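Inspection log for the structure reproduced underneath, given as structure tokens.
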Amino acid sequence: MSLNLEQYVSEFSAQNINGEHLLQLDGSKLKALGMTSSQDRAIIKRKLKEMKASLEKARKAQEKMEKQREKLRKKEQEQLQRRSKKTDKCSSEATEGTNEQ
């Protein structure tokens, strides 16, 4: 509807074309859905291309964020392990000092 192609809404609805299906459509499938105008198909294909690019960009950004979170988790875990070792070392030295007295 935002592309001023409201005349196709009923057919797309009747065929249960949702977002996932929409991204799979090509020129011949659009034609089979009753989109006889090559200009209308071109508009849809251009918009689908933009949507796919946008989805890919969002997916890559999500992957990047997940990698950054994982890196941060590993760094925090390493710091905890270092602190734990340091604490263990200090407590064992304190125990040794007590035993010597």
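The values are calculated or read from the model by the stated rules, or taken from the named source; none is laboratory data. Quantities reported herein were computed from a predicted structural model and do not represent experimental measurements. Here Cβ is always computed from backbone atoms with ideal geometry, including for glycine, and neighbour counts include all displayed protein chains. Accessible surface is based on the protein model in full, side chains and every heavy atom, while ligands, DNA and RNA are left aside. Shrake-Rupley method; radii C 1.70, N 1.55, O 1.52, S 1.80 Å.
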Quiz item: Going down the table (Lys31/Lys52; Lys29/Lys52; Lys64/Lys85), which pairs top 25 Å between alpha carbons?
Solution: Lys64/Lys85
Quiz item: Residues of region 7-83: accessible area per residue at 1.4 Å, in Å²?
Solution: 82 Å²
Quiz item: Full extension from Gln24 to Lys85: what is 0.36 nm times the residue separation minus their Cα-Cα distance, to one decimal in nm?
Solution: 16.5 nm
Self-check item: Virtual spin-label span in nm between Ser37 and Glu70, 7 Å along Cα→Cβ
Solution: 4.7 nm
Quiz item: Per the 1.4 Å probe, what fraction of the accessible area of the chain, in percent, lies on carbon and sulfur atoms?
Solution: 50 percent
Quiz item: Taking 1 over the mean of 1/r across every pair of different Cα atoms in the chain, what Kirkwood radius in Å do you get?
Solution: 18.7 Å
Practice problem: Report the charge-dipole magnitude of region 7-83 in Debye, nearest 20, computed about the Cα centre from +1 at each Lys and Arg Cβ and -1 at each Asp and Glu Cβ. | Solution: 620 debye
Quiz item: Hey, which lysines would be in cross-link range of Lys71, C-alpha to C-alpha under 19 Å, not counting anything within fewer than 8 residues on its own chain?
Solution: Lys60
